[in-house]
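K.L.:
Encoded as structure tokens, here's the structure I'll be asking about.
The values are calculated or read from the model by the stated rules, or taken from the named source; none is laboratory data. Everything quoted here is computed from the prediction, not taken from an experiment. So basically every Cβ, Gly included, is an ideal-geometry build from the backbone, and we count neighbours across all protein chains shown.
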Amino acid sequence: MKKWMTLTLSVLTALTVLAGCSGKAQEDKIIVGASAVPHAEILAEVKEDLKELGYELEVKIFNDYVLPNKALSEGQLDANFFQHIPYLEEMNTKENLNITWTVKVHLEPMGLYSKKITTVEELPDGAQIAIPNDVTNGSRALKLLAHYGLISLKEGELVSILDITANEKNIQFIELDAPALPRTLQDVDAAVINTNYAIEGNLNPLADALLIESSDSPYANVLAVRIADKDSAKTKALNQVLNSPKIKAFIEEKYEGSIFPAF
């Protein structure tokens, strides 16, 4: 009986130790949601830096612009890295997500791409141009076209196709999910595409874009966290490694000017 009790106590002690270790490992893990390119690539570069700070990084890839914020708000992620500030603010207002941003990391200039023409002067009357169907990126796309004189728009932080005041080429706008835009290039005359999806579609922003945003664009991509976690140890560690000289050099060398550091 004594031997049986001793064995039982030993097993229970071992299980308690294992459970404690498991809990500690979970506490030291940082789970970040990200788009595949370039966000997950940038995060891969900070994995060892986070390990030196005592954290294991797990990156979950998302292929849309809605789920990463919902997953963060619901506590499935510690942070996400895929979006710019205007989109985050619009989602917060719309969904009451209680998330915020901490540091700017890089800028992905939006561009106009085509498989049918080589200059914007070749756009035919009644040309079909695809743009993102979310409010902030759709507005951004229209402002890019207006900046280059293809259309005119009413003043406003967020605009839509209803705010077009002049359209000499009678451009027909097709609003689609942002990830699908590179696949539409065979079917439309041109498309305004976010750089991350352009790169995934084997498009080079500097070489292939007919029009592209300048480096002073306000749409820097940021690290987002829940408001309650803005000053947490995990968040501070992410801020530190993502705004390091190492990451600045990586962005400049890896993307050769098609993506710019924003810090």
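K.L.:
Would you be able to say whether some residue in segment 146-158 is buried (at least 21 other Cβ atoms within 10 Å of the Cβ) and farther than 26 Å from F263 by Cβ?
P.N.:
Looking through segment 146-158, at least one residue is buried (at least 21 other Cβ atoms within 10 Å of the Cβ) and farther than 26 Å from F263 by Cβ.
K.L.:
Another question, then. Could you tell me which numbered condition I99 fails, if it satisfies all but one of (1) surrounded by fewer than 19 Cβ atoms within 10 Å (Cβ to Cβ); (2) over 23 Å from L142 (Cβ atoms); (3) β-branched (V, I, T)?
P.N.:
Answer for I99: the failing condition is (1).
K.L.:
Among the helices (runs of 4 or more DSSP H) contained in segment 141-248, which hold 3 or more residues that are within 18 Å of the chain's Cα centre (by Cα) and closer than 30 Å to I30 by Cα?
P.N.:
Because the criterion is at least 3 residues that are within 18 Å of the chain's Cα centre (by Cα) and closer than 30 Å to I30 by Cα, the helices (runs of 4 or more DSSP H) in segment 141-248 that meet it are 195-200, 233-242.
K.L.:
In the set E168, E175, which member is farther than 18 Å from P86 by Cα and loosely packed, with under 13 Cβ neighbours inside 10 Å?
P.N.:
Numbers: E175 fails: loosely packed, with under 13 Cβ neighbours inside 10 Å.
Result of the check over E168, E175: E168.
K.L.:
Which is crowded, with 19+ Cβ neighbours inside 10 Å, aliphatic (A, V, I, L, M) and in the same structural domain as E89 (by TED's automatic domain parsing), of I251, I227?
P.N.:
Criteria check complete, one pass: I251.
K.L.:
For segment 48-64, enumerate the residues that are out of contact with any Pro (no Cβ under 8 Å at 6 or more places or on another chain) and buried (at least 16 other Cβ atoms within 10 Å of the Cβ).
P.N.:
Residues satisfying the conditions are D49, L50, L53, Y55, L57, V59.
K.L.:
Something else about it: Please enumerate the residues belonging to segment 58-70 that are assigned to a strand (DSSP E or B) and in contact with a Leu (Cβ under 6 Å, 6 or more places away or on another chain).
P.N.:
V59
K.L.:
Within segment 125-137, identify whether any single residue is under 20 Å from P179 (Cα atoms), in contact with a Leu (Cβ under 7 Å, 6 or more places away or on another chain), in a loop (DSSP other than H, G, I, E, B) and outside the structural domain of E256 (by TED's automatic domain parsing), and answer yes or no.
P.N.:
Among the residues of segment 125-137, at least one is under 20 Å from P179 (Cα atoms), in contact with a Leu (Cβ under 7 Å, 6 or more places away or on another chain), in a loop (DSSP other than H, G, I, E, B) and outside the structural domain of E256 (by TED's automatic domain parsing), which makes the answer yes.
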